Amino acid sequence: MTASIQNTERNNTLRILNKIAEGIGCSISDISFRIYLKEHNIILSPDDFNLVPDLNDESVKFEGSWRDINIIWDFKKSKGGYTVSLKAYSDNQLNCTAFDSLIVRYKPETGNIMDWRVLQYSDRYVTNPIGFPTVKEALEIDTPCNMLTGTFRNNKEKGLFLGTVLPQDNRHLYKMQMLESGQLQFTCTTRFITTVCTDNSLSSEITWISACKNVKESFDAYADFVPFLPDDPKPVRGWNSWDYYYFSVSLDALIENMEAIRKDDILSKNIQYIVIDDGWQHMYGEWEPNYKFPGGLERAVKEIKVRGFIPGIWLAPLFIDTASYAGLRMPELMVKNEYGDPLIYDGNYILDPTSPAGKKFLKGIYTKLYEMGFRYFKVDHVRCLLNVDRFYEKHKGPYEVLRDLFALIRECVTEESYILGCSLPLECGPGLSDAGRTGIDIHNQWNHLEWALECYTFKYWANKRVWVNDIDFLIVRGKDTSLEEETNVLNPNENNPNAPRWRRGEVFDKYEAQTWTNIVMFTRGNVFLSDRINMLNEEGKKLIRKGIQSTETTAEPLDMCCGYHPSLWLQRLNSGYRLTVINWQDEKAVYSFDFEEYRLTAPDKVVNDWTGEEIGIQNGRLNIELNSHESIVFIWDKF
């Protein structure tokens, strides 16, 4: 009799899960989960829990138990899909290393699935490829995604989208596999660090899943989980020392560039902040100025203020050089490994911002800099905490620790200061920093331009929801825009035929420099120059004078999943439209923009935003030819 009841309950659960699959969208099947226990490497699935469903109009909650472990598997209807989460609790320590909170199979009926495009995003973008590869390419890449993933045939047809509802506390990854059946299997995994997994109550992060929208509609729905920030925060503008000077920044360099900005009518009206980036300090963990700043930071602040600018400064507050005083004499500051020794990341120790000593150290640094007069703080290299497996405060996941870190910094520098989270994961959620870097560093090579946009494309929607987006510096120096033959500091891999992606390739030509300018402009985010102003020729200065000025709204990519990079970016202005078209190819290409295809009324003509040239529209299409890596911007009025 008991077996018969269990079979009836199991069949009822399967029937309801199939109904949920239909609600997610066509081609979804085999919904499941897994729980991973440390003890004897036990893996639990729905069949182990004798699940009992609790239904209402908008949600389904499955409850069950295995030994002393109870679970709640929660599905809620939302935005044309479902949010899904898994919770386990017990009177004893759980010792769960991970939850696969949602496992689904997907096999659409249209087209060859291997040719579909994948939303391939990873916060490890320095080493893991990101963008819109084909399913075949993504399977060969074989790296997990985080924050979001999915697959679409093109920009028009319905596909599958999965995204993490922000904010999150723990690592949450998405893995795609091809099964022998020809189905794609997507697995959503929340991983718990060593000191968290022993809690007696653990919850997965929340995944939103939908298979009833096209890719743009999916991004729009996902973005709506995060409301717009109050008071419509405005982007800020400035100059930063990093991209031209790297570690060679000096007080003399600051003064030279400030004087160049002051002499330029347009730049002087738009530049607010002067930011001293990496290279001012003695070493990581010893945040005192070096010999290149005679008179110390107090003099630097004075020189910036007297010229009418606001002082800003960069820190990597969690990095401690192993040869610094703190690295040699203050072990109480540091994150420890499983043996109790300091954890090393990227050649440095990591400060534990949850330890009493770590908090005191951070407060001392930021309070001192604030009292000196700095009002812009670039907080860098904080993503290292995602590699930490144990904190002093044992029950906090890495994203929760990051939120606490930025709350501490805000307390020190007050609301009067502007904070840029550089490498701050978007998954931490809104309200932590005024602005956030969207991805990899820009350098004046086409390869870095592509890389920066690959990162940005997955975060364009976050502008003014999580923070003000900061795609990185507006830099334009290159072959056709610089007075210098050598535009960069030494590149140790410049002649290496197998160089890594970092700083690989030739410097910008005029088309590439203008394309980057157009990209920075359509983000409607912060704009910070980082060239040596006096060493730009008139063509270069023309670009930064245009790029430093604000556009009205953030551009949306129209052709995601039609190739590896979107080529069409549309800004919907109050009085009209602004369209940026980018040629990603290494040769000339012809583009034909069909207004009706994108639900736009075709005007009689459009205007080149750079030249003022009018171009007629024929049969509802805009036809243009672009040189390799060239872009063009058109504007037209609404009817």
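Can you work out which of the residues in the range 247-261 that are polar (S, T, N, Q) and part of a helix (DSSP H, G or I) is farthest from the chain's Cα centre (by Cα)? First the steps, then the outcome.
Kept after step one, since they are polar (S, T, N, Q), are these residues of the range 247-261: 248, 250, 257.
Now drop any that are not part of a helix (DSSP H, G or I), which leaves 248, 257.
Numbers: Ser248: 28, Asn257: 30 Å.
Filtering first and then ranking leaves Asn257.
Name the one entry in Asp594, Asp531, Asp604, Asp586 that is open to solvent by less than 20 Å² (accessible area, probe 1.4 Å) and of a type in the set (Asp, Glu). Give the derivation first.
Values: Asp594 fails: open to solvent by less than 20 Å² (accessible area, probe 1.4 Å); Asp604 fails: open to solvent by less than 20 Å² (accessible area, probe 1.4 Å); Asp586 fails: open to solvent by less than 20 Å² (accessible area, probe 1.4 Å).
Answer to the selection: Asp531.
Which residues, taken from the range 399-431, are open to solvent by 10 Å² or more (accessible area, probe 1.4 Å), assigned to a loop (DSSP other than H, G, I, E, B), over 14 Å from Asp380 (Cα atoms) and touching a strand residue (DSSP E or B) at 6+ places or on another chain (Cβ under 9 Å)?
Taking the range 399-431 first, the residues open to solvent by 10 Å² or more (accessible area, probe 1.4 Å) are 400, 403-404, 407-408, 410-412, 414-416, 418, 423, 430-431.
Of the ones still in play, those that are also assigned to a loop (DSSP other than H, G, I, E, B) are 414-416, 423, 430-431.
The next check asks that each one be over 14 Å from Asp380 (Cα atoms); those that pass are 414-416, 430-431.
Answer for the range 399-431, where residues must be open to solvent by 10 Å² or more (accessible area, probe 1.4 Å), assigned to a loop (DSSP other than H, G, I, E, B), over 14 Å from Asp380 (Cα atoms) and touching a strand residue (DSSP E or B) at 6+ places or on another chain (Cβ under 9 Å): Pro430, Gly431.
Which of the numbered conditions does Thr554 fail, given that it passes all the others? Conditions: (1) under 26 Å from the mean Cα position of the chain (by Cα); (2) more than 15 Å from Leu453 (Cβ to Cβ); (3) touching a residue at least 24 places away in the same chain (Cβ under 8 Å); (4) in a loop (DSSP other than H, G, I, E, B).
(2)
Select from the range 190-226 the residues that are of a type in the set (Ser, Thr, Tyr) and farther than 18 Å from Asn154 by Cα and list them in ascending order. Outline the logic, then answer.
First, the residues of the range 190-226 that are of a type in the set (Ser, Thr, Tyr): 190, 194-195, 198, 201, 203-204, 207, 210, 218, 222.
Residues satisfying the conditions are Thr190, Thr194, Thr195, Thr198, Ser201, Ser203, Ser204, Thr207, Tyr222.
Considering Phe391, Phe374, which residue is touching a residue at least 60 places away in the same chain (Cβ under 8 Å), farther than 29 Å from His172 by Cα and in a loop (DSSP other than H, G, I, E, B)?
So the residue among Phe391, Phe374 that is touching a residue at least 60 places away in the same chain (Cβ under 8 Å), farther than 29 Å from His172 by Cα and in a loop (DSSP other than H, G, I, E, B) is Phe374.
Quick one: which of Ile274, Ile261, Ile313 is more than 30 Å from Asp352 (Cβ to Cβ) and in contact (Cβ under 8 Å) with a residue 40 or more places away in the chain? Outline the logic, then answer.
Numbers: Ile274 fails: in contact (Cβ under 8 Å) with a residue 40 or more places away in the chain; Ile313 fails: more than 30 Å from Asp352 (Cβ to Cβ).
One residue alone meets the criteria, Ile261.
Can you name the condition, by its number, that Leu173 falls short on among (1) open to solvent by less than 10 Å² (accessible area, probe 1.4 Å); (2) under 30 Å from Gly340 (Cα atoms); (3) of a type outside the set (Val, Ile, Thr); (4) not in a loop (DSSP other than H, G, I, E, B)?
For Leu173, the failing item is (1).
All but one of (1) open to solvent by 30 Å² or more (accessible area, probe 1.4 Å); (2) in contact with a Cys (Cβ under 9 Å, 6 or more places away or on another chain) hold for Leu94; state the number of the condition that does not hold.
Among (1) open to solvent by 30 Å² or more (accessible area, probe 1.4 Å); (2) in contact with a Cys (Cβ under 9 Å, 6 or more places away or on another chain), Leu94 violates only (1).
Inside the range 196-229, can you point out the residues that are in a helix (DSSP H, G or I) and aromatic (Phe, Trp, Tyr)?
Of the residues in the range 196-229, the ones in a helix (DSSP H, G or I) are 215-223.
The answer is Phe219, Tyr222.
When the range 337-363 is examined, which residues are found to be open to solvent by 10 Å² or more (accessible area, probe 1.4 Å) and closer than 17 Å to Met283 by Cβ?
Pro342, Ile344, Tyr345, Asp346, Gly347, Asn348, Tyr349, Phe361 - these are the residues of the range 337-363 that are open to solvent by 10 Å² or more (accessible area, probe 1.4 Å) and closer than 17 Å to Met283 by Cβ.
Please tell me if Ile193 is open to solvent by less than 10 Å² (accessible area, probe 1.4 Å), within 30 Å of Leu166 (Cβ to Cβ) and outside any helix (DSSP H, G or I).
no
Can you work out which of the residues in the range 210-236 that are within 18 Å of Ala555 (Cα to Cα) and either of a type in the set (D, E, K, R) or touching a helix residue (DSSP H, G or I) at 6+ places or on another chain (Cβ under 6 Å) (or both) is surrounded by the most Cβ atoms within 10 Å (Cβ to Cβ)?
So the residue we want is Phe219.
Is it the case that some residue within the range 433-455 is open to solvent by 10 Å² or more (accessible area, probe 1.4 Å), part of a loop (DSSP other than H, G, I, E, B), hydroxyl-bearing (Ser, Thr, Tyr) and under 29 Å from Thr487 (Cα atoms)?
No: the range 433-455 contains no residue that is open to solvent by 10 Å² or more (accessible area, probe 1.4 Å), part of a loop (DSSP other than H, G, I, E, B), hydroxyl-bearing (Ser, Thr, Tyr) and under 29 Å from Thr487 (Cα atoms).
Table: residues versus (1) open to solvent by less than 10 Å² (accessible area, probe 1.4 Å); (2) under 18 Å from Ala452 (Cα atoms); (3) under 26 Å from the mean Cα position of the chain (by Cα).
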| position | (1), (2), (3) |
| --- | --- |
| Ile471 | yes, yes, yes |
| Leu474 | yes, yes, yes |
| Glu484 | no, no, no |
| Pro492 | no, no, no |
| Pro500 | no, yes, yes |
| Gly505 | no, yes, yes |
| Asp509 | no, yes, no |
| Glu512 | no, yes, yes |
| Thr517 | yes, yes, yes |
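Would you mention how many residues in the range 150-170 are within 17 Å of Phe458 (Cβ to Cβ) and either charged (D, E, K, R) or in contact with a strand residue (DSSP E or B) (Cβ under 6 Å, 6 or more places away or on another chain) (or both)?
Residues that pass the stated criteria total 10.
Can you find even one residue in the range 546-566 that is surrounded by 15 or more Cβ atoms within 10 Å (Cβ to Cβ), of a type in the set (Lys, Arg) and out of contact with any strand residue (DSSP E or B) (no Cβ under 6 Å at 6 or more places or on another chain)?
Yes.
In the range 302-324, how many are within 20 Å of Arg237 (Cβ to Cβ) and of a type in the set (Gly, Ala, Ser)?
Within the range 302-324, residues that are within 20 Å of Arg237 (Cβ to Cβ) and of a type in the set (Gly, Ala, Ser) number 2.
Quick one: which residue in Tyr106, Tyr174, Tyr121 is closer than 20 Å to Trp208 by Cβ, at pLDDT 95 or above and in contact with a Pro (Cβ under 7 Å, 6 or more places away or on another chain)? I'd like the intermediate steps shown before the answer.
Values: Tyr106 fails: in contact with a Pro (Cβ under 7 Å, 6 or more places away or on another chain); Tyr121 fails: in contact with a Pro (Cβ under 7 Å, 6 or more places away or on another chain).
Unique residue meeting the criteria: Tyr174.
Please note which strands (runs of 3 or more DSSP E) are completely contained in the range 1-117 and include at least 2 residues that are in contact (Cβ under 8 Å) with a residue 40 or more places away in the chain and within 30 Å of the chain's Cα centre (by Cα).
Working: elements: 28-37, 52-55, 59-66, 69-78, 81-89, 96-106.
Here the list reads 28-37, 69-78, 81-89, 96-106.
Within the range 600-624, which residues are under 24 Å from Val520 (Cβ atoms) and of a type in the set (D, E, K, R)?
Asp609, Glu613
Among residues belonging to the range 102-122 that are open to solvent by 10 Å² or more (accessible area, probe 1.4 Å) and touching a helix residue (DSSP H, G or I) at 6+ places or on another chain (Cβ under 8 Å), point out the one that is farthest from Lys87 (Cα to Cα).
Ranking the candidates gives Asp115 first.
Which residue out of Tyr564, Tyr591 is on the phi < 0 side of the Ramachandran plot, over 22 Å from the mean Cα position of the chain (by Cα) and among the hydroxyl-bearing types (Ser, Thr, Tyr)? Full working, then the answer.
Details: Tyr564 fails: over 22 Å from the mean Cα position of the chain (by Cα).
Residue meeting the stated conditions: Tyr591.
Within the range 620-639, restricting attention to residues that are assigned to a loop (DSSP other than H, G, I, E, B) and at pLDDT 95 or above, which residue is farthest from the chain's Cα centre (by Cα)? Spell out how you get there, then give the answer.
Keep residues of the range 620-639 that are assigned to a loop (DSSP other than H, G, I, E, B), which gives 620, 627-630, 638-639.
Next, only the ones that are at pLDDT 95 or above stay: 620, 627-630.
Values: Gly620: 36, Asn627: 30, Ser628: 27, His629: 24, Glu630: 25 Å.
Across the range 620-639, the extreme among qualifying residues is Gly620.
Pull up the range 124-167, narrow it to residues that are crowded, with 20+ Cβ neighbours inside 10 Å and in a loop (DSSP other than H, G, I, E, B), then point me to the one that is modelled with the lowest pLDDT.
Checking each candidate, the answer is Ile130.
The values are calculated or read from the model by the stated rules, or taken from the named source; none is laboratory data. Note that the coordinates shown come from a computational prediction; the quantities given were computed from them, not determined experimentally. Here Cβ is always computed from backbone atoms with ideal geometry, including for glycine, and neighbour counts include all displayed protein chains. Just the protein is used for accessible areas: all its heavy atoms, side chains included, with ligands, DNA and RNA removed. Shrake-Rupley method; radii C 1.70, N 1.55, O 1.52, S 1.80 Å.
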